[in-house]
Amino acid sequence: MAAATAMPASSMPKYRCATSSQDIDDAGYNGPWPDNWKIAVEVCSARSGSTVYSYATVKWDGPSYYAIDDPAILDGAKLRLQIKRAHTGRPLLERDFPEIESRLEDSDSSSNRRGRYRTPTVRTTVGSDSAVGDAALLLDWHADGRGYRRYDYSGSPAI
């Protein structure tokens with residue numbers, strides 16, 4: 001039987017977070033119903049020695065005029081999470097999370113689109129430089145013909 005060892009609470013890295021939100025227009029819809037999505041992203045980062053950890057949590061409230069569980073709202077969606085050098089903004093790590101598309105298109109039985117998604121934690125070695133976690137939402141609206149549009153959110157405080 002193997003024993004599990006846990007990191008003492010005092011040695012767990014302390015995350016610093018920043019949240020920002022946007023009202024995003026569904027560029028693929030031009031009808032009479034309200035079509036804006038309220039999407040907030042919280043980006044959190046922590047440091048342990050020369051390693052930086054980051055994750056993002058997305059919360060949304062979308063319009064309810066779509067069909068229940070409509071898979072044709074978006075042709076693609078992904079949350080891009082980066083760890084960047086704080087003073088240059090140069091990305092050290094970049095990871096896309098396309099799982100968010102099916103979650104955005106999901107609804108309850110009344111066609112309400114509210115939800116949340118948390119990325120797995122990513123990490124990279126940065127040495128002694130300060131770093132930030134950063135996030136962007138990339139949405140390809142169905143039938144708008146413009147491909148992915150980028151919506152940038154505030155990064156975490158420098159750590």
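The numbers here are math on the coordinates, done by the rules we state, and not lab data. Everything quoted here is computed from the prediction, not taken from an experiment. Virtual Cβ from ideal backbone geometry, glycine too; neighbours counted across all protein chains shown.
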Next item on the list: Using θ = phi - 60° and the Karplus relation 6.51 cos²θ - 1.76 cosθ + 1.60, list the HN-Hα couplings for the stretch 116-130 in order, rounded to whole Hz, with x at every Gly or Pro.
Entry: 8, 8, 10, 6, x, 7, 10, 8, 7, 8, 10, x, 8, 5, 7
Note to self: For the stretch 66-118, take every pair of Cα atoms, bin their distances at 5 Å starting from 0, and report each bin as a whole percent.
What the structure shows: 4, 19, 20, 17, 12, 10, 8, 6, 4, 0
Item checked: Theoretical ellipticity at 222 nm over the chain - DSSP helices of four or more residues, -39500 (n - 2.57) apiece, nearest 500 -> -1000 deg cm²/dmol
Next item on the list: Using only the C-alpha atoms of the chain, find the volume of their convex hull and express it per residue in Å³.
Entry: 143 Å³
Item checked: Dipole magnitude (debye, nearest 20) for the chain, charges at Cβ of Lys, Arg, Asp, Glu -> 1020 debye
Check: Once a ≥ b ≥ c are taken as the square roots of the eigenvalues of the Cα gyration tensor of the stretch 72-159, is the result rounded (a/c under 1.5), prolate (a/b larger than b/c) or oblate (a/b not larger than b/c)?
Finding: prolate
Notebook entry, point to check: For the stretch 154-159, what does the Karplus curve 6.51 cos²θ - 1.76 cosθ + 1.60, with θ = phi - 60°, yield as ³J(HN,Hα) per residue in whole Hz, taken in order and with x for Gly and Pro?
Noted result: 5, x, 5, x, 5, 10
Next item on the list: Step through the residues of the stretch 68-73 one at a time and calculate ³J(HN,Hα) from phi using the Karplus curve (6.51 cos²θ - 1.76 cosθ + 1.60, θ = phi - 60°), rounding each to whole Hz and writing x for Gly and Pro.
Entry: 4, 6, 6, x, 10, 6
Next item on the list: Please list 78-85, 101-108, 27-34 highest first by mean number of surrounding beta-carbon atoms within 10 Å per residue.
Entry: 78-85, 101-108, 27-34
Check: Hey, quick one: spin label on R116, modelled 7 Å out along Cα-Cβ, who in the stretch 53-85 has an amide N within reach, i.e. under 17 Å?
Finding: 55-62
Note to self: Which order do the peptides 144-154, 59-69, 130-140 come out in when sorted by mean C-beta neighbours inside 10 angstrom, highest first?
What the structure shows: 130-140, 59-69, 144-154
